[in-house]
Amino acid sequence: MSDIATKAGTSIAAVSVTLNGAKSKTLKVSPETRQRILNAAEELGYRRNPLAGALATGRSRILGLMLPFAWAYADHDPFYSLVSTGVTACAARYGYNVMLYSATAEDEGDRAAKMIDGLVGGLIFVSPPPESPLYSECRRQGIPYVTILAGRDSAPLTVNSDDFEGGLLATRHLVSLGHKKIAHLSGQPDVVTSKPRQQGYLAALSEAGIAADSKLTIAGDFNRASSYAATIQLLSLPADQRPTAIFAANDLSAHGAIEAVFDAGLNVPGDIAVVGYDDTWYATVTRPMLTTVCMDVHTVGHRATELLISFLEGDAAIQSHSVLPVSLSIRESCGASRRT
């Protein structure tokens with residue numbers, strides 16, 4: 001910085017205040033001096049050191065991202081890849097970097113909390129468990145954070161989707177196609193989105209005058225393997241109790257269900273209709289293509305990051321809690337196209 005100070009004809013302290021955003025109660029840099037410093041820095045090829053800026057201001061332009069499960073980092077999971085893409089795209093747009101935490105929120109909360117670095121400007125938690133120690137650690141260190149799909153009460157800043165409405169839309173659609181025995185492959189019980197999706201499913205059955213059958217709700221746990229096994233269990237029911245349609249809590253579960261139906265020598269949607277949830281790219285590569293509830297996963301990640309950055313930059317007009325709408329993307333797996 002001394003070279004910049006010499007070229008601009010000012011002090012090193014003035015250069016530090018200008019380039020790193022360091023706060024000073026005694027030193028004020030005039031607009032003219034600030035411009036000379038910026039011009040000198042440009043001519044000398046100066047590149048700002050993010051770590052130095054963080055030490056000077058007490059915060060950085062680095063955002064931390066933590067996913068809920070170890071398998072969420074796998075490239076075969078479409079939901080978390082799309083959320084991460086939305087986060088990084090928004091961060092880049094506003095000049096922030098993203099640091100991906102190797103620890104996860106799933107039953108590693110204490111260990112994950114110890115890994116939180118106070119030099120990050122803020123943290124983004126995707127579907128963290130309720131009452132996670134991550135929250136108290138952020139508050140202890142004074143680190144702002146936003147939660148994705150963890151419920152409105154989970155944090156001062158939250159982004160959620162209307163999961164009850166999603167369950168309602170999916171099940172209503174299956175009812176409208178004439179199905180009365182509709183099964184539900186539910187999500188993981190400790191994930192906040194699971195319950196309202198199931199409640200929407202039950203509400204749609206009730207309004208159609210269809211009694212809920214507990215044998216037709218089985219945990220799919222948001223993954224293919226569990227949902228495959230759950231569907232095999234459903235198909236083993238007596239013929240008069242077997243479902244004619246399945247509403248799965250996410251697209252991976254729906255894919256597991258489709259595989260199980262075909263492996264049992266049956267057909268989708270001819271014998272059993274299937275509807276998923278999320279509308280990731282996965283929905284268009286399954287065969288048949290998947291009818292699914294669309295929650296625009298990329299936008300969820302983008303909106304959460306935008307919300308956090310707005311808070312960090314002092315935007316007093318931000319909407320602290322966002323609930324994104326859902327819709328139904330009708331494709332082949334529900335059989336609707338055959339009935340038109």
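Selection over the stretch 209-228 of residues that are more than 26 Å from the chain's Cα centre (by Cα) and part of a helix (DSSP H, G or I) gives a count of 3.
Restricting 334, 294 to those that are farther than 22 Å from residue 66 by Cα and open to solvent by 10 Å² or more (accessible area, probe 1.4 Å) reduces the list to 294.
With respect to residue 66, is the statement that it is at pLDDT below 75 and among the hydrophobic types (A, V, I, L, M, F, W, C) true? Spelling it out, it is not the case that residue 66 is at pLDDT below 75 and among the hydrophobic types (A, V, I, L, M, F, W, C).
Taking residue 303 as the residue in question, decide whether it is basic (Lys, Arg), modelled with pLDDT of 95 or more and open to solvent by 20 Å² or more (accessible area, probe 1.4 Å). Spelling it out, residue 303 is indeed basic (Lys, Arg), modelled with pLDDT of 95 or more and open to solvent by 20 Å² or more (accessible area, probe 1.4 Å). Scanning the stretch 82-117 for residues that are at pLDDT 75 or above, more than 18 Å from residue 149 (Cβ to Cβ) and assigned to a loop (DSSP other than H, G, I, E, B) yields 94, 95, 96, 115, 116, 117. Can you tell me which residue is most open to solvent (accessible area, probe 1.4 Å) among those in the stretch 207-255 that are of a type in the set (Val, Ile, Thr) and touching a helix residue (DSSP H, G or I) at 6+ places or on another chain (Cβ under 8 Å)? Once the filter is applied, the top-ranked residue is 232. Can you find a residue in the stretch 148-158 that is in contact with a His (Cβ under 9 Å, 6 or more places away or on another chain), open to solvent by less than 10 Å² (accessible area, probe 1.4 Å), more than 25 Å from residue 229 (Cα to Cα) and of a type in the set (Val, Ile, Thr)? So far as the stretch 148-158 goes, yes, one or more of its residues are in contact with a His (Cβ under 9 Å, 6 or more places away or on another chain), open to solvent by less than 10 Å² (accessible area, probe 1.4 Å), more than 25 Å from residue 229 (Cα to Cα) and of a type in the set (Val, Ile, Thr). Looking across the stretch 255-297 at every residue that is without any contact (Cβ under 8 Å) to a residue 40 or more places away in the chain and β-branched (Val, Ile, Thr), the one that is nearest to residue 227 (Cα to Cα) is identified as 261.
Restricting attention to the stretch 172-206, the residues that are open to solvent by less than 70 Å² (accessible area, probe 1.4 Å), polar (S, T, N, Q) and either touching a Lys or Arg at 6+ places or on another chain (Cβ under 8 Å) or assigned to a helix (DSSP H, G or I) (or both) total 3. Counting only strands (runs of 3 or more DSSP E) that sit completely within the stretch 272-340, those holding 1 or more residues that are more than 26 Å from residue 61 (Cα to Cα) and under 14 Å from the mean Cα position of the chain (by Cα) correspond to 273-278, 291-294, 321-324. The residue of the stretch 256-291 that is most open to solvent (accessible area, probe 1.4 Å), among those that are of a type in the set (A, V, I, L, M, F, W, C) and closer than 13 Å to residue 330 by Cα, is 289.
The values are calculated or read from the model by the stated rules, or taken from the named source; none is laboratory data. Note that the structure is predicted; figures quoted are calculated from it, not measured. Using ideal geometry, Cβ is built from the backbone for each residue, glycine included, and neighbour counts are taken over all protein chains shown. Accessible surface is based on the protein model in full, side chains and every heavy atom, while ligands, DNA and RNA are left aside. Shrake-Rupley method; radii C 1.70, N 1.55, O 1.52, S 1.80 Å.
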